[in-house]
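The values are calculated or read from the model by the stated rules, or taken from the named source; none is laboratory data. Nothing here was measured: the structure is a model prediction, and the numbers come from that model. Here the Cβ is made from the backbone with ideal geometry for all residues, glycine too, and neighbour counts use every protein chain on show. Quick note on the areas: whole protein, heavy atoms, side chains included, nothing else; ligands and nucleic acids left out. Shrake-Rupley method; radii C 1.70, N 1.55, O 1.52, S 1.80 Å.
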2 protein chains.
Amino acid sequence: MSNEKIPYKIYLEESEMPKQWYNVRADMEKKPAPLLNPATGKPMTAEELGHVFCDELVKQELDDTSRYIDIPEEIQDFYKMYRPSPLVRAYCLEKALGTPAKIYYKFEGNNTSGSHKLNSAIAQAYYAKKQGLKGVTTETGAGQWGTALSMACSYFDLDCQVYMVKVSYEQKPFRREVMRTYGANVTPSPSMNTEVGRQINAEFPGTNGSLGCAISEAVEAASAQEGYRYVLGSVLSQVLLHQTVIGLETKTAMDKYGIKPDLIIGCAGGGSNLGGLISPFMGEKLRGEADYKFIAVEPASCPSLTRGVYAYDYCDTGKVCPLQKMYTLGSGFMPSSSHAGGLRYHGMSATLSELYDQGLMEAVSVEQTSVFDAAVKFARVEGILPAPESSHAIKVAIDEALKCKETGEEKTILFGLTGTGYFDMFAYERFNNGEMSDYIPTDEEIAAAVAKLPKF
Amino acid sequence: MSNEKIPYKIYLEESEMPKQWYNVRADMEKKPAPLLNPATGKPMTAEELGHVFCDELVKQELDDTSRYIDIPEEIQDFYKMYRPSPLVRAYCLEKALGTPAKIYYKFEGNNTSGSHKLNSAIAQAYYAKKQGLKGVTTETGAGQWGTALSMACSYFDLDCQVYMVKVSYEQKPFRREVMRTYGANVTPSPSMNTEVGRQINAEFPGTNGSLGCAISEAVEAASAQEGYRYVLGSVLSQVLLHQTVIGLETKTAMDKYGIKPDLIIGCAGGGSNLGGLISPFMGEKLRGEADYKFIAVEPASCPSLTRGVYAYDYCDTGKVCPLQKMYTLGSGFMPSSSHAGGLRYHGMSATLSELYDQGLMEAVSVEQTSVFDAAVKFARVEGILPAPESSHAIKVAIDEALKCKETGEEKTILFGLTGTGYFDMFAYERFNNGEMSDYIPTDEEIAAAVAKLPKF
């Protein structure tokens, strides 16, 4: 089909929306390593995981053989309120770059959470409700996940307790207030509500908090309350599964117009959006049906895939979560405070880690000033003000499109635009004022953090 | 067509998008009164208006006979980046209310300006560029219009100078930073850049500024610079014209599914979104082809239609703009500082004023705590966090749906959801904390403001 026929935005009909999530692990010959119980060193059982997570989500977490998992109708109905998300042909960006490449992006920012996070939040809230729970606990850093979960819980009338990293709680009052508007109970972390919070407050008075610490508090709070479970917005296989709605919609939309991407690019923090976007394409690659090049983009200040090690590690600072085999910088690694936005997680999805280890996916790291430079360029021609996280993918998509300009190749580039930057204007302000700097951890810093990995 | 077949969201195909704006004045037997030159008391000529506005926009402003005006292709292309906007069936809200009414809303918030303002901003920037201008000046209060214009100017590489009401400049740093990200020059108003700004600063040291004052500064700045014109985001007939893209899309989408609204509701500040939404339906009513009930919703704290007078008045505090016949509270009227959000304009679109005066449209005013109450209710079931302005329409749509619940009528209600509330979280915070109050001006206050109207 000729380019002229491809609209600026491709929306699917409701009837074309996915009715099943796709579980890429089913098509992997070598599966991701199992979660381990740090006390025993043995794979976590469903029963052990059931103390922390909802039963149905535990089932999804452990299921690496079912290729498709039905999306319950209630979740499909919620998806219909803000999905399908548009697959956008970046005509204006292509023109501005003067590239022969064809650039597409799947835009997940058109919902109040401002990101793709809602795709998994609604699923997790649904299963919690179905299990008859009273509520869920979680952590949030930048706030997208907390917002998404608040929206989902409000929809299913579940109590929602969010531990928000203290520095974000104070610097992002708007995010906090959006969550409160959806009825969530938002607590700055470390708090005095939990044992681990009290310990950290005693040890580091006046600390700004960290995501790892907020996870530990949320897990403890879930265990301490009858009828509560903990939910997590990234990293886990269940989250990747829910996020495949992104890739499935994208694939259907592209197939409809006969478009085949050569290159699929996504930013990678915990890996959920990237995993969700690439899964159906990766499935084809794993089954030998098609070939694609995948690029994970991470910040140079927190380069898990490109500079970490592939090993078992804790998912949280408090070491209360199961151990996961993944590319990691060590659970004690903290990106420089000059780092803006998300993608500051020390580890990576086990599935993506395994795919990367098998050479099925590539990874690059980029510095944040170049990311904001790409973000502003993109915003000015495509209209959308992107989240700093998403802008990592934009940066590499632009780089690749400029390579095509040099070589004359008419590659088709697809990237995930995971969210909007409305709540990141402090970071944009620093960039606009020329006050933003780059930071790349030294080999010594990384070696020191990695040296503290648990031995399993 | 049965309800079961109507999707949650109706998107038009690109080919179904409007190629012409609809000029409702063409179908009005009694036209809106002409703009007057305050110095002569005579209708403004195209030449006089051309000192302030772009030539093509002056033409549109004065044209009350052409029923359709072509949308230039460049503007159609830009529209394709963020339009068509979805027409949403509020299934979840209906269910939550237990109403037999069918509720639809046209959602204009899915673009970075967060509102419908972009529809006119891109048109005005286009005509400025086409005329070979260097740039444009404008004012902004809450910031939606300034953001929209910044985006539009960045797209056409025009200089954009925004005078932002000082209190908003200080309290909405994020809005300011979004505009700067799009390359705009944002100045807190009153400034020392203009004669009128210096005067106001001298007379009221430390003043917070006002929209009327910012308008005066922007107009003066445009006149003082070679190659600059002033642009305005509401009130004017040209703006209403551009905003008819909202109503035209809505009508096409509804016609496609055989839906006929009984009731069309929109919030009204200067009137541009309401006018844009209702125009094609009003056209049918004016031509005797169909009947609809239209309701303009305004804040009780700034009730131009419901408590103002229909008379010639100044559009700005500085009295540098032409006189317009409209429903007005007097250009000196200032809504209470307890009033949150926009819709604080003292006057109203001349077209809507005339339609209202002819009894073709109704108006109601609502108090802000009830508006925020409706906003939160809506957000929790429909997902979208609405702008306070848009929530005025939500409030009345809910009221009408509840009336249907009482009477058992299965009315079809359509309302305009003009934007999102991401940048209004201070107001939500006040509401969430129970700190928001209502204010209704006394008859004496209104009489005093109205007494100062110019005599024409």
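Under 8 Å for C-alpha pairs, at least 6 residues apart: give me the relative contact order for segment B:35-110, rounded to a whole percent. Mind showing how you got there, number by number?
Numbers: 44 pairs, mean separation 14.1, N = 76.
Dividing the mean separation by the residue count of segment B:35-110 yields 19 percent.
Considering only C-alpha atoms, what is the centroid distance from segment A:353-406 to segment A:169-216, in Å?
Segment A:353-406 and segment A:169-216 have Cα centres separated by 31 Å.
Using Cα pairs closer than 8 Å and at least 6 residues apart in sequence, work out the relative contact order for segment A:11-70, in percent. Before the final figure, lay out each step's value.
Working: 44 pairs, mean separation 30.1, N = 60.
Over segment A:11-70, the number comes to 50 percent.
Would you mind giving the mean number of other chain beta-carbons within 10 Å of the Cβ of each residue in B:384-392, as a whole number? Please list the in-between numbers first.
Numbers: counts 6, 10, 1, 0, 0, 0, 0, 0, 0.
Partner-chain Cβ atoms within 10 Å, mean over residues of B:384-392: 2.
Would you kindly derive the ³J(HN,Hα) couplings of segment B:209-220 from the backbone phi angles with the Karplus curve 6.51 cos²θ - 1.76 cosθ + 1.60 (θ = phi - 60°), listing them in order in whole Hz, with x for Gly and Pro?
Taking θ as phi minus 60°, the curve returns x, 8, 5, x, 5, 5, 4, 4, 5, 5, 5, 4 Hz for segment B:209-220.
Only bridges whose two residues both fall in segment A:27-165 count here: according to DSSP, what percent of them are antiparallel, nearest 5? Mind showing how you got there, number by number?
Values: 4 of 10 bridges.
About 40 percent, rounded to the nearest 5.
Tell me, what is the percent relative contact order of segment A:358-456, built from C-alpha pairs under 8 Å that lie six or more residues apart?
Values: 75 pairs, mean separation 28.6, N = 99.
For segment A:358-456, the relative contact order is 29 percent.
How many nm is it between the label spots at B:ALA96 and B:ASN433, if each spot is 7 Å from the Cα in line with the beta carbon?
Spacing of the two 7 Å Cα→Cβ label points: 2.4 nm.
Under 5 Å between amide hydrogens, which residues at least 5 positions from A:PHE415 or on another chain qualify, with H placed 1.01 Å from N in the peptide plane?
When sequence neighbours closer than 5 places are left aside, the close amide H contacts are A:TYR104, A:TYR105, A:LYS106, A:ILE265.
If you take the Cα Rg of the protein assembly as shown and divide it by 2.2 N^0.38 Å, with N the number of residues, what do you get? Please report the intermediate quantities before stating the final value.
Values: Rg = 27.5 Å, N = 912, 2.2 N^0.38 = 29.3 Å.
Working it through for the protein assembly as shown, the quotient is 0.94.
Given label points at 7 Å from Cα along Cα→Cβ, what nm distances, shortest first, separate B:SER66 from the same residue in every other copy?
From this label point to the equivalent ones elsewhere in the assembly: 6.0 nm.
Using only the alpha-carbon atoms, what does segment A:60-132 span along each of its principal axes? Please give whole angstrom values in decreasing order.
Over segment A:60-132, Cα extents along the principal axes are 55, 31, 16 Å.
When Lys and Arg each count +1 and Asp and Glu each count -1, what net charge do the other residues less than 11 Å away from A:LYS285, Cβ to Cβ, add up to?
Values: positive: A:ARG287, A:LYS293; negative: A:ASP27, A:GLU284, A:GLU289, A:ASP291.
Net local charge, A:LYS285 excluded: -2.
Take the Cβ-Cβ distance between B:GLU226 and A:ARG67 as r, set R0 to 45 Å, and report the resulting FRET efficiency rounded to the nearest 0.05. Walk me through the numbers on the way to the answer.
Values: r = 67 Å, r/R0 = 1.48.
After rounding, the FRET efficiency stands at 0.10.
Could you pull out the trypsin sites (Lys or Arg not before Pro) across segment A:115-161 that fall in loop regions by DSSP (anything but H, G, I, E, B) with no more than 13 other Cβ atoms inside 10 Å? Walk me through the numbers before you get to the answer.
Working: sites: A:LYS117, A:LYS129, A:LYS130, A:LYS134; in loops: A:LYS117, A:LYS134.
Here the trypsin sites (Lys or Arg not before Pro) that fit, given the DSSP loop and packing criteria, are A:LYS134.
How many angstrom lie between the C-alpha centres of segment A:130-157 and segment A:408-456?
About 26 Å separates the Cα centre of segment A:130-157 from the one of segment A:408-456.
Can you bin every Cα-Cα distance in chain B into 20 Å intervals starting at zero and give me the percent of pairs per bin, rounded to whole numbers?
27, 62, 12, 0
Please list the non-local residues whose amide H lies under 5 Å from the amide H of A:SER301, H modeled 1.01 Å from N, same-chain partners needing a gap of 5 or more.
Answer set, sorted by chain and number: none.
Lysine pairs in segment A:361-456 with alpha-carbon atoms under 29 Å apart, 8 or more places apart or on different chains: how many are there? Display every interim value, and only then the final one.
Working: A:LYS377/A:LYS395; A:LYS377/A:LYS403; A:LYS377/A:LYS405; A:LYS377/A:LYS411; A:LYS395/A:LYS403; A:LYS395/A:LYS405; A:LYS395/A:LYS411; A:LYS403/A:LYS411.
Taking segment A:361-456 as the scope, the lysine pair count is 8.
5 Å is the cut-off here: which amide hydrogens, built 1.01 Å from N in the peptide plane, fall below it relative to A:THR140, excluding neighbours closer than 5 in sequence?
Excluding prolines and chain starts, which carry no amide H, the hits are A:TYR163, A:MET164, A:VAL165.
Run through all the Cα pairs of segment A:344-418 and give the fraction in each 10 Å bin from 0, expressed as whole percent.
17, 42, 34, 8
Assuming R0 = 51 Å, what is the FRET efficiency of B:VAL309 and A:LYS134, from their Cβ-Cβ distance, to the nearest 0.05?
Numbers: r = 56 Å, r/R0 = 1.10.
After rounding, the FRET efficiency stands at 0.35.
So what J values fall out for segment A:349-365 if you push phi through Karplus, 6.51 cos²θ - 1.76 cosθ + 1.60 with θ = phi - 60°, rounded to Hz, Gly and Pro as x?
Couplings: 2, 4, 5, 5, 4, 5, 5, 5, 4, 7, x, 8, 9, 9, 9, 9, 10 Hz.
Which percent of Cα-Cα pairs in segment B:9-114 sits in each 10 Å bin, short to long?
The calculated distribution, bin by bin, is 12, 26, 28, 22, 10, 2.
Which log10 I(q)/I(0) values, to two decimals, does segment B:244-322 give at q = 0.22 Å⁻¹ under the Debye formula with one point per Cα?
Rounded to two decimals, the profile gives -1.06.
To the nearest whole number, what is the average tally of beta carbon atoms from other chains within 10 Å of the beta carbons of peptide A:173-183?
Values: counts 3, 9, 2, 3, 12, 7, 0, 7, 12, 5, 4.
Going residue by residue through A:173-183 and averaging, the value is 6.
Given label points at 7 Å from Cα along Cα→Cβ, what nm distances, shortest first, separate A:LYS405 from the same residue in every other copy?
5.7
Ignore the peptide's own chain and count Cβ atoms of other chains within 10 Å of each Cβ in A:109-121; give me the average, rounded. Present the calculation step by step, with values, prior to reporting the outcome.
On the way: counts 2, 8, 4, 10, 2, 3, 0, 0, 0, 1, 0, 0, 0.
Average neighbour count from other chains, rounded to a whole number: 2.
What do you get when you divide the Cα radius of gyration of segment B:85-187 by 2.2 N^0.38 Å, with N the number of residues? Numbers along the way, then the final one.
Details: Rg = 17.1 Å, N = 103, 2.2 N^0.38 = 12.8 Å.
Compactness ratio reported: 1.33.
Within a Cβ distance under 13 Å of A:GLU400, other residues only, what is the Lys/Arg minus Asp/Glu net charge? List each step's numbers first, then the result.
Working: positive: A:LYS102, A:LYS293, A:LYS395, A:LYS403, A:LYS405, A:LYS411; negative: A:GLU94, A:ASP262, A:GLU362, A:ASP399, A:GLU406, A:GLU409, A:GLU410.
Local net charge: -1.
If you put a point 7 Å past Cα along the Cβ direction, how far is that point for B:GLU170 from the same point in each other copy, in nm, smallest first?
Shortest to longest, the spacings are 2.3 nm.
Would you calculate a helix-derived [θ] at 222 nm for chain A, using -39,500 (n - 2.57) for each DSSP H run of n ≥ 4 and dividing by the full residue count, to the nearest 500? Could the numbers behind the result be given before it?
Details: 18 runs with 193 residues, N = 456.
Rounded to the nearest 500, the figure is -12500 deg cm²/dmol.
Compute the signed sum of charges (Lys and Arg +1, Asp and Glu -1) over the other residues within less than 10 Å, Cβ to Cβ, of A:HIS346.
On the way: positive: A:ARG344; negative: A:ASP313, A:ASP316.
Counting the neighbours of A:HIS346, the net charge comes to -1.
Do any GluC sites (Glu not before Pro) in segment A:237-342 lie in a DSSP loop with no more than 11 other beta carbon atoms within 10 Å, and if so, which?
Passing sites in segment A:237-342 are A:GLU289.
Sort A:LEU118, A:LEU211 by heavy-atom solvent-accessible area, probe 1.4 angstrom, most to least. Write down the numbers at each step before the final one.
Numbers: A:LEU118 0, A:LEU211 60 Å².
Ranked list, largest accessible area first: A:LEU211, A:LEU118.
What list of ³J(HN,Hα) couplings, whole Hz, do you get for segment A:62-79 from phi and the Karplus terms 6.51, -1.76, 1.60, once you set θ to phi - 60° and write x for glycine and proline?
8, 7, 10, 10, 6, 6, 10, 10, 4, 8, x, 4, 4, 6, 4, 5, 5, 3
Taking R0 as 41 Å, what FRET efficiency do you get between B:THR40 and B:GLU289 from their Cβ-Cβ distance, rounded to the nearest 0.05?
Numbers: r = 40 Å, r/R0 = 0.98.
Once the sixth-power term is evaluated, E becomes 0.55.
Using label points projected 7 Å from each Cα along Cα→Cβ, tell me how many nm separate A:LYS19 and B:GLU362, to one decimal.
So the two model labels end up 4.4 nm from each other.
Roughly how many whole Å is it from the C-alpha centroid of segment B:293-350 to that of segment B:1-62?
20 Å
Normalised radius of gyration for segment B:366-456, please: alpha carbon Rg relative to 2.2 N^0.38 Å, two decimal places.
Working: Rg = 16.6 Å, N = 91, 2.2 N^0.38 = 12.2 Å.
Taking N as the residue count of segment B:366-456, the ratio is 1.36.
Within segment A:352-389, which chymotrypsin sites (Phe, Trp or Tyr not before Pro) sit in a loop by DSSP and count at most 11 neighbouring Cβ atoms inside 10 Å?
Details: sites: A:TYR356, A:PHE372, A:PHE378; in loops: none.
Passing sites in segment A:352-389 do not exist.
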